[in-house]
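Asker: Quick one: the structure is below, questions incoming.
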Amino acid sequence: MEIFLQAFLEIANVQTLMLMTIGAAAGLISGAIPGFTIAMGVVLTLPFTFGMNASQGIATMIGVFVGGLSGGLMSGILTGIPGTPSSVATTFDGFPMARRGQPGFALGLGVWASFFGGIISAIMLVALAPQLARLGLEFQPWDYFSLVFFALTITASLSGENMIKGLIAGMLGLFIATIGEDDVNGIARFDFGIDYLRDGFGFLPVLIGLFAFSQLMSDVRDPKDARAKLSQTEEMDIRIEHRRAAIAVLRRWKNLIVSSLIGMFTGILPAAGSAISNILAYDQAKKMSPNPEEFGLGCEDGIIAPESANNATAGGSLITMMALGIPGDVITAVMLGALLIHDVVPSPSFINDSPVLANAIFIAFFFANFLVLFLQSGLLRAFVLITKVRMYMLASVILAFCGIGVFALNNVTSDIWTLFFFGIFGYVFRSLGFPLAPLILGVVLGPVAESWLARALAISSDPVLFVTNPWSLFFLIMAAFSIGFSFYQKQRGHSRWADFYIPALALSLSVPVFMMGGYVRPVLAVGLIAVGLWMLWQAWHRKGQIEPSNDAARPT
Amino acid sequence: MPFNKDIWTSLALLAFCFVMIAASFDVVSPDFGMLSPTAWPRAVLALLTLLSLIYFVNSVRSGQRGSAFSLKAFLIKYRNPICCFIAYFVFLITLPLLGILIGGILLVFVMLTILGENDIRHLVLHAVIATVSISILWCIFTFALNVRLPRGSILPAMF
């Protein structure tokens with residue numbers, strides 16, 4: 001209780017609340033501007049957090065994160081163009097409802113669904129993070145290495161059409177992290193005799209260069225787009241219908257809870273962020289609805305589901321970061337960087353080692369949802385006005401700001417050069433169709449993977465331990481199946497083998513779960529076997545329902 | 001038949017892998033520790049080489065033809081990013097002389113003028129935006145965050 005009170009006082013003071021309010025407003029703006037992602041907002045906030053203590057810094061970033069998730073709904077509902085990928089599904093019903101003459105109600109539904117989704121995920125964060133951290137304490141070096149491997153493979157597999165490009169990006173990220181002095185032995189690697197390379201690349205300049213610099217260059221590539229206003233939102237006198245919307249959201253509590261849980265569990269999964277959760281929740285709400293034909297025409301459930309899910313994702317990704325020390329996406333990777341600046345290393349023992357900071361994060365997440373609700377209600381008109389700025393003006397100032405912010409990290413000019421080089425690299429890489437998320441996570445997770453591998457080998461050089469340790473085997477199986485996931489998605493309903501994919505996953509996972517011992521886990525393993533066998537039986541009897549895939553149908 | 005973009009990229013990746021694998025033999029191996037400093041990067045490079053090979057084979061098998069390269073078309077298409085990168089490079093080169101304050105103002109002004117309209121009215125607007133934004137950032141970092149930003153050699157000592 002004393003720790004909680006201490007954490008509460010760290011957040012509930014005028015200075016921190018002011019910083020959180022500024023952060024939430026910045027997040028709302030970055031979320032409301034199409035093409036200007038939440039990750040960009042968080043990345044740009046980072047340099048300002050150097051002068052703050054760890055609690056203030058992370059609370060400000062949480063404000064940006066939550067604000068960004070909610071900000072996307074404004075342009076999505078009013079213009080039909082989602083501000084962020086996390087509010088794509090909101091436009092499906094939000095925009096039709098606004099065009100039908102109910103923009104205030106549509107915005108209200110979005111605002112309140114975001115709020116309740118955030119609160120549900122905050123409750124789950126408080127409940128689940130310590131439990132998951134307790135599980136994490138069971139992990140040994142082999143398990144950690146396999147977990148990092150799984151995080152990278154799933155990032156690559158979710159990176160779209162071309163998984164090979166995703167995997168290449170991940171591997172390049174891992175390699176970039178090896179340049180410079182080796183953390184394990186202190187030996188210089190790939191420095192080619194150049195001092196600048198011997199020091200290695202700072203993670204944050206690389207990240208800001210790869211992400212922010214290259215994103216801005218992409219935004220201004222087309223001269224016409226560069227000179228256009230950030231958002232084409234027309235000036236409207238809109239009042240959010242709070243009372244009606246809040247009641248409507250609470251009446252649809254089942255959809256709200258299911259969507260929030262979908263969002264939260266998507267967030268827990270490494271690499272699967274709010275861009276995915278809002279679509280999943282929308283799809284689930286449509287399936288659950290007694291009137292699925294109303295979806296797409298301005299249906300209330302069609303706004304509640306994606307908005308509650310995308311805000312709930314934030315809580316889920318914070319759970320993974322706090323409990324396991326693994327960033328789930330670019331946003332939590334930046335937050336992890338912010339914690340490292342303050343000499344706080346997230347790991348399974350983080351909640352025990354830094355209980356005040358951990359509780360401060362929980363409290364900040366709660367507060368952020370209230371702040372965003374308040375800001376969205378009071379400053380809607382101001383946000384619409386801010387998005388009238390032209391992209392080239394914003395990009396030019398932000399590019400200079402990136403340089404200043406990066407310099408402030410270590411007070412060395414070489415960091416600005418790193419930002420510049422990785423800005424060019426990120427832009428070229430992006431232009432060639434490679435996803436940046438696996439690259440960034442590779443840079444973040446590379447040193448972690450190498451250090452756990454070194455620890456594992458220091459204990460024993462026997463590689464069999466990677467498959468005889470239950471958690472390690474669990475993550476390796478998950479990694480193998482995540483590599484095959486994009487093939488499964490393409491072939492589902494077309495190829496026979498795809499029917500056996502999920503049963504095979506359930507049956508395979510039952511082995512390490514059974515090996516974990518105790519009482520509960522073997523029962524879980526039996527459950528997994530039962531589910532796997534039942535799905536196998538169903539798949540076996542689904543003969544004749546396979547449609548030929550496009551490849552198979554192609555004449556030879 | 002001109003190669004498509006993916007074939008060129010995969011070839012560049014393969015060349016990169018071979019250079020780095022060769023460079024890994026120059027890394028000193030200490031007598032201590034179970035994990036040699038080259039083991040992890042070599043494992044990563046081996047996987048990267050394998051993936052690049054798969055990428056190369058897929059690109060060749062796709063049968064897509066690349067279009068003939070035109071420098072003029074390239075420069076027109078990528079005018080804005082190229083100009084911004086050059087401006088940033090000049091900003092970095094002149095940083096010891098101009099410092100963040102003057103250099104930053106000039107950088108923002110030049111980029112605004114390259115990317116936006118450049119009639120008199122806009123030039124004045126760009127100058128105001130550049131001066132105000134960088135001055136505010138400079139003040140925040142210098143006075144609020146206590147960061148000693150590069151002053152440059154031409155600015156009087158009082159700054």
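The values are calculated or read from the model by the stated rules, or taken from the named source; none is laboratory data. Since the model is a prediction, treat every value here as computed from it, not as a measurement. Here the Cβ is made from the backbone with ideal geometry for all residues, glycine too, and neighbour counts use every protein chain on show.
Asker: When you check A:Ile326 against the structure, is it assigned to a helix (DSSP H, G or I), more than 11 Å from the chain's Cα centre (by Cα) and closer than 20 Å to A:Phe139 by Cβ, yes or no?
Answerer: no
Asker: Under 8 Å between Cβ atoms, at least 6 apart or on separate chains: pull out the pairs that start in the stretch A:81-97 with a residue that is under 13 Å from A:Leu107 (Cα atoms) and end on any residue that is surrounded by fewer than 24 Cβ atoms within 10 Å (Cβ to Cβ) and of a type in the set (S, T, N, Q).
Answerer: Pairs found: A:Phe95/A:Thr79.
Asker: Evaluate the following for A:Ala228: is it buried (at least 17 other Cβ atoms within 10 Å of the Cβ) and either in the same structural domain as A:Ala305 (by TED's automatic domain parsing) or modelled with pLDDT under 85 (or both)?
Answerer: Answer is no for this residue.
Asker: Continuing with the same structure: Can you spot a residue in the stretch B:92-107 that is in contact with a His (Cβ under 7 Å, 6 or more places away or on another chain) and among the hydroxyl-bearing types (Ser, Thr, Tyr)?
Answerer: no
Asker: Determine whether the stretch B:43-52 contains at least one residue that is of a type outside the set (A, V, I, L, M, F, W, C) and within 10 Å of another protein chain (Cβ to nearest Cβ).
Answerer: Yes - at least one qualifying residue is present in the stretch B:43-52.
Asker: Out of all the residues in the stretch A:540-555, is one or more surrounded by 13 or more Cβ atoms within 10 Å (Cβ to Cβ) and at pLDDT 80 or above?
Answerer: No.
Asker: Which one is nearest to A:Ser214 (Cα to Cα), of the residues in the stretch B:64-96 that are within 13 Å of another protein chain (Cβ to nearest Cβ) and among the polar types (S, T, N, Q)?
Answerer: B:Asn80
Asker: Right, A:Gly200: touching an Asp or Glu at 6+ places or on another chain (Cβ under 9 Å) and either at pLDDT 80 or above or crowded, with 24+ Cβ neighbours inside 10 Å (or both) or not?
Answerer: So A:Gly200 passes the test.
Asker: Shifting gears a bit: Before we move on, is A:Ala408 within 9 Å of another protein chain (Cβ to nearest Cβ), surrounded by 18 or more Cβ atoms within 10 Å (Cβ to Cβ), free of Cβ contacts under 8 Å to residues at least 12 places away in the same chain and closer than 21 Å to A:Val64 by Cα?
Answerer: So A:Ala408 fails the test.
Asker: A follow-up question, please. Scanning for something more than 26 Å from A:Ser218 (Cβ to Cβ) and not aromatic (Phe, Trp, Tyr), does the stretch A:67-89 turn up at least one residue?
Answerer: No, because not a single residue in the stretch A:67-89 is more than 26 Å from A:Ser218 (Cβ to Cβ) and not aromatic (Phe, Trp, Tyr).
Asker: Please verify whether the stretch B:65-80 includes one or more residues that are buried (at least 17 other Cβ atoms within 10 Å of the Cβ), assigned to a helix (DSSP H, G or I) and free of Cβ contacts under 8 Å to residues at least 60 places away in the same chain.
Answerer: Scanning the stretch B:65-80, I find at least one residue that is buried (at least 17 other Cβ atoms within 10 Å of the Cβ), assigned to a helix (DSSP H, G or I) and free of Cβ contacts under 8 Å to residues at least 60 places away in the same chain, so the answer is yes.
Asker: Under the condition of being β-branched (Val, Ile, Thr) and facing chain B (nearest Cβ under 10 Å), which residue from the stretch A:426-465 is farthest from A:Lys165 (Cα to Cα)?
Answerer: A:Ile459
Table: residues versus (1) surrounded by fewer than 21 Cβ atoms within 10 Å (Cβ to Cβ); (2) hydrophobic (A, V, I, L, M, F, W, C).
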| site | (1), (2) |
| --- | --- |
| A:Gly110 | no, no |
| A:Gly117 | no, no |
| A:Ala133 | no, yes |
| A:Leu137 | yes, yes |
| A:Asp143 | no, no |
| A:Val148 | no, yes |
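Asker: A further question on this structure: Inside the stretch A:1-81, counting only helices (runs of 4 or more DSSP H) that do not spill past its ends, which hold 2 or more residues that are under 29 Å from A:Ile304 (Cβ atoms)?
Answerer: Passing ranges, in order: A:14-32, A:38-45, A:54-79.
Asker: Further question: For the stretch B:131-154, which positions are touching a residue at least 24 places away in the same chain (Cβ under 8 Å), more than 8 Å from chain A (Cβ to nearest Cβ) and crowded, with 16+ Cβ neighbours inside 10 Å?
Answerer: Result: B:Arg151, B:Gly152.
Asker: Another question about this same structure. Can you pull out the residues in the stretch B:1-28 that are more than 26 Å from B:Arg65 (Cα to Cα) and facing chain A (nearest Cβ under 8 Å)?
Answerer: B:Met20, B:Ala23, B:Ser24, B:Val27, B:Val28
Asker: Which one of these is of a type outside the set (D, E, K, R) and at pLDDT 90 or above: A:Ala314, A:Ala323, A:Ala333, A:Ala248?
Answerer: Just one listed residue meets the conditions, A:Ala248.
Asker: List pairs: first in the stretch A:177-197 and on the phi < 0 side of the Ramachandran plot and without any contact (Cβ under 8 Å) to a residue 60 or more places away in the chain, second polar (S, T, N, Q) and crowded, with 20+ Cβ neighbours inside 10 Å, Cβ under 7 Å, 6+ apart or cross-chain?
Answerer: A:Arg189/A:Thr178
Asker: In this structure, does B:Leu123 turn out to be assigned to a helix (DSSP H, G or I), away from chain A (no Cβ under 11 Å) and buried (at least 21 other Cβ atoms within 10 Å of the Cβ)?
Answerer: Values: assigned to a helix (DSSP H, G or I): yes; away from chain A (no Cβ under 11 Å): yes; buried (at least 21 other Cβ atoms within 10 Å of the Cβ): no.
Considered against the rule, which asks whether it is assigned to a helix (DSSP H, G or I), away from chain A (no Cβ under 11 Å) and buried (at least 21 other Cβ atoms within 10 Å of the Cβ), B:Leu123 comes out as no.
Asker: Related question: List the pairs whose first member sits in the stretch B:94-118 and is over 20 Å from B:Val147 (Cβ atoms), whose second member is among the charged types (D, E, K, R) and assigned to a helix (DSSP H, G or I), and whose Cβ atoms are under 9 Å apart, counting only residues at least 6 apart or on separate chains?
Answerer: B:Ile114/B:Arg79; B:Leu115/A:Arg227; B:Gly116/A:Arg227; B:Glu117/A:Arg227
Asker: To continue, here is another question. Quick check on A:Pro463: is it of a type outside the set (Ser, Thr, Tyr), in contact (Cβ under 8 Å) with a residue 12 or more places away in the chain and out of contact with any helix residue (DSSP H, G or I) (no Cβ under 6 Å at 6 or more places or on another chain)? Break it down stepwise before answering.
Answerer: On the way: of a type outside the set (Ser, Thr, Tyr): yes; in contact (Cβ under 8 Å) with a residue 12 or more places away in the chain: no; out of contact with any helix residue (DSSP H, G or I) (no Cβ under 6 Å at 6 or more places or on another chain): yes.
Judged against the criteria, A:Pro463 is not a match.
Asker: Here is a follow-up. Given the structure, is A:Ala309 of a type in the set (A, V, I, L, M, F, W, C), buried (at least 22 other Cβ atoms within 10 Å of the Cβ) and part of a helix (DSSP H, G or I)? Step through it out loud before you land on a result.
Answerer: Details: of a type in the set (A, V, I, L, M, F, W, C): yes; buried (at least 22 other Cβ atoms within 10 Å of the Cβ): yes; part of a helix (DSSP H, G or I): yes.
Considered against the rule, which asks whether it is of a type in the set (A, V, I, L, M, F, W, C), buried (at least 22 other Cβ atoms within 10 Å of the Cβ) and part of a helix (DSSP H, G or I), A:Ala309 comes out as yes.
Asker: Given the residues B:Gly104, B:Gly99, which is the only one that is small (Gly, Ala, Ser) and either loosely packed, with under 15 Cβ neighbours inside 10 Å or at the interface with another protein chain (Cβ under 7 Å from one of its Cβ atoms) (or both)?
Answerer: Answer to the selection: B:Gly104.
Asker: Here's another thing I want to ask about it. So, in the stretch A:178-213, of the ones that are at the interface with chain B (Cβ under 9 Å from one of its Cβ atoms) and under 25 Å from the mean Cα position of the chain (by Cα), which residue ends up nearest to A:Gly433 (Cα to Cα)?
Answerer: A:Phe213
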